[in-house]
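First up is the structure itself, then whatever we jot down about it.
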Amino acid sequence: MTATVQQARKAISPVWDHRVWGPVLKIVLGYVLIVQVLLQYLFGRVPLLGVGRGDHIIPTEIIILGLVYGSLYALIGMGIILVYRANRIINFAQAQLGSVPAVVALLLIAKRGVPWIIALPIAVIGGALLGGAVEVTLVRRFAKAPRLILTVVTIGIGFLLLVLEFFSKQWVGGSLIDSVSLTFPTPFTHFHWKVGVLTFRGDHFAPLFVVGALVIAMGAFFKFTDIGIAVRASAENGERASLLGIPVKRVSTIVWMLAATLSAVGVFFTVPLTGLPLDGFVGLHLLFIGLAIAVMGRMESLPTAFVSGLLIGIVDQAIVFTTNKAGLSDPAIFVVILLALLLQRGKLSRAYELGASSWQAVKEVRPIPTELRSVPVVRNSLTVMWGLVALTVVTLPFWLGDNHTSDATIGVIYAIIGVSLVVLTGWAGQISLGQFAIAGVASATAAGLAANHQMDFFVTMIIAALVGAGVAIAVGLPALRIQGLFLAVTTLGFAFTVDSLLHREYFGWLVPKSGNLVNRPILWGVLDLGDSSQLGPFTITADAKFFYMCLSFLVLALLMAHSLRKRRSGRVLIGVRDNGRVAQAFGVNLARSRLAAFAVSGLMAGIAGGLLAYLQPAFADNAYPPQRSIELFTLTVIGGIGSLPGAILGAVFVVGLPLLPGLRDIDQIQLLTTGLGLLVILLFLPGGLAEGMFRIRDSWLRRIALKRNIHVPSLVADSRVEEAELQAEARAIAAAAVTTEVAEAIQEGDLTHVIACPACGALVPVSEAESHEHFAVRELEETAR
């Protein structure tokens, strides 16, 4: 029996490992197992979760519809792969790069009467120009930054493009648009074919030919053109390509233009089939599907990504058909992402170790040096500062008023989730884009206990915290095998899954029953958090009381995190983050340490979720969208993901800034703070607002030490390190300029007529070298002496 298995494996191995037919065979096998066996059994013979048509056979027309949508989804995944191969980052703005020009072109068709044949070049050229502009103006400025920072930059770019998409709908389509009346006539609309019970228009079949032509054209471009070969060379090894004279920056711009063009074509052909969500955004869900396709393509193979897109489209439509519910496709895609990452763990782990992520930007904030703590001016200044902070926080509800106190409470709750991200991402190095989803599960649990069973507030909060810890551990199990940016993809998939499943329809036993409200508690039978109270001449409203309650839990979370960091457990987390192999050599259990970090952060997120349950009396099914998890991650990065004050500063910036009187009435101000604010802060302060705050503090401490003639070695070392970094940066810029000029000289064939000066970096013609100041004989003699 064993010999037969080995012979069969040997016979199929040439096809299974083939560069082209291997992925096709695997995708076909996956289709048979997932669609024809698993889906039809679960939702056919044994309807899962109480849903399903009870039909055993998925009709042909559903398969065809899946192929149509899957071919368009594949374009998003192929764009993600292109950017990943060129920059070694996951581009979270990929779908938005295409949605902006495509939406503008489609609105020109629907509202302005522009012919389709003219709108298509607008979408394609607009996508290429937008992709190139983003790369030149934003991505290139972070070319030397760690991969983690550049990936976060793409999240900020995505938020900016969401703002641009929002305003483009108003500029092109008007302030009020009737989504029902929007139609997008194309040259193919009048063609009709009926397959089974579905009637297909020409708009369904045109994408198959367009995408097929694009795939063939891209294959020829990368194989037969000089630019395509340069793109492939840069993707393999950018430094080696640069030494060979390939203009890597120009190649990167071309890659971003190609990726944005693919997304623009995908969105342009998808929206006429699915409709334009005028009250939402096109790109986020397409990004999720594109990430699944890119992961199935191993982040490197475009043909595999194309075939994977076809499979994802079939799975998506098959689930919609068998369950009659579109929301269940997201959990299925999440399972596909998880399986694809786990099966490719070895390859993706090597990519992670080669620089897919880096923690150089996570800077630890040291306390005030011991030499200066007892200095009166330092001690008195700290007392005054903390006093002002405490006074501002305590009086915040009074000068914000009833209308905005609840917004400040949300900021406090977000700060608690930010603290949990500091522990998980800043200290343990595990990237999570699903932290708000963890809080959402805890919130639903707390709301159900409070509304359905009238359980005590503190018991409910303890259970919510434990639920958050348990869910975080379950989410963190893949972290034992998947690391870095790829873990971020799985946590984002979890966020989409929670958004799709955490409804009364599926979890009616957990969430509050219809009509049951979550009433704010009466603590110890004395303090009623649901009613106003009189304190002397001041009236403390119910919202103000709940604000103070949430503030006390924020203090508790800060104390927990501070205690963890000061103990051995905190030092272990830092060691595991920086170099897991070295930490393991010292007897550290990596799996246990990572799961402990997930548990602690989940505990804090569960506390925040429990407070969210009491913030609003009615439970809403759509209260935990996946974009909120991304916003909270960027909030923490803005503040400084390596320090606890960063979580507070990020919440103040993102939530508090829109509460200022002059900014309250600006549309989409929160998207601007999370998008534009993120990019500006990361450009100047990679460590976030906390880095800027502590730079100011250390500069002030240096002046005090100099004035009082106190020698502080740590502050002196910091200043010298900063000077050395500035000098190194200047030398790198000069060297880069010389390299660029030399590369251009190589391309022009003039390298033999110039020589690079090692002192100033200038390229000097050989005929003028004798008169150059650094090449003069006198200069050389003085240098020799």
Open item on the list: Looking at the range 361-398 only, could you name the residues that are aromatic (F, W, Y) and either open to solvent by less than 70 Å² (accessible area, probe 1.4 Å) or modelled with pLDDT of 85 or more (or both)?
Closed with: W386
Task: Matching residues, the range 457-503, being of a type in the set (V, I, T), under 30 Å from I522 (Cα atoms) and open to solvent by less than 10 Å² (accessible area, probe 1.4 Å) - done: T460
- [ ] Confirm whether L615 is at pLDDT below 90 and within 30 Å of K513 (Cβ to Cβ).
- [x] yes
Task: Identity of the residue in the range 143-161, open to solvent by 20 Å² or more (accessible area, probe 1.4 Å) and assigned to a helix (DSSP H, G or I), that ends up modelled with the highest pLDDT - done: L160
- [ ] Inspect all residues belonging to the range 566-573 and state whether any of them is under 25 Å from I462 (Cβ atoms) and among the aliphatic types (A, V, I, L, M).
- [x] yes
- [ ] Could you check, for the range 295-303, whether at least one of its residues is open to solvent by less than 40 Å² (accessible area, probe 1.4 Å) and in contact with an Asp or Glu (Cβ under 6 Å, 6 or more places away or on another chain)?
- [x] no
Task: Single unsatisfied condition, S420 versus (1) among the polar types (S, T, N, Q); (2) part of a helix (DSSP H, G or I); (3) over 19 Å from V654 (Cβ atoms) - done: (3)
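Of V588, V600, V582, which residue is in a loop (DSSP other than H, G, I, E, B) and either closer than 19 Å to Q430 by Cβ or open to solvent by less than 60 Å² (accessible area, probe 1.4 Å) (or both)?
Going through V588, V600, V582 in turn, just one is in a loop (DSSP other than H, G, I, E, B) and either closer than 19 Å to Q430 by Cβ or open to solvent by less than 60 Å² (accessible area, probe 1.4 Å) (or both): V588.
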Task: Single residue of the range 239-273 satisfying the filter (open to solvent by 40 Å² or more (accessible area, probe 1.4 Å), modelled with pLDDT under 80 and assigned to a helix (DSSP H, G or I)) that is nearest to F159 (Cα to Cα) - done: V248
Open item on the list: Just to verify a result, which residue in the range 79-117, among those that are among the polar types (S, T, N, Q) and assigned to a helix (DSSP H, G or I), is surrounded by the fewest Cβ atoms within 10 Å (Cβ to Cβ)?
Closed with: N87
Open item on the list: When the residues of the range 490-527 are narrowed to those that are touching a residue at least 12 places away in the same chain (Cβ under 8 Å) and over 38 Å from the mean Cα position of the chain (by Cα), which ends up farthest from T460 (Cα to Cα)?
Closed with: L527
- [ ] Kindly establish whether V231 is under 30 Å from the mean Cα position of the chain (by Cα), part of a helix (DSSP H, G or I), modelled with pLDDT of 85 or more and closer than 18 Å to V139 by Cβ.
- [x] no
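The values are calculated or read from the model by the stated rules, or taken from the named source; none is laboratory data. These numbers were taken from a predicted model, which means no experiment stands behind them. Here the Cβ is made from the backbone with ideal geometry for all residues, glycine too, and neighbour counts use every protein chain on show. Accessible surface areas use protein heavy atoms only, side chains included; no ligands, DNA or RNA. Shrake-Rupley method; radii C 1.70, N 1.55, O 1.52, S 1.80 Å.
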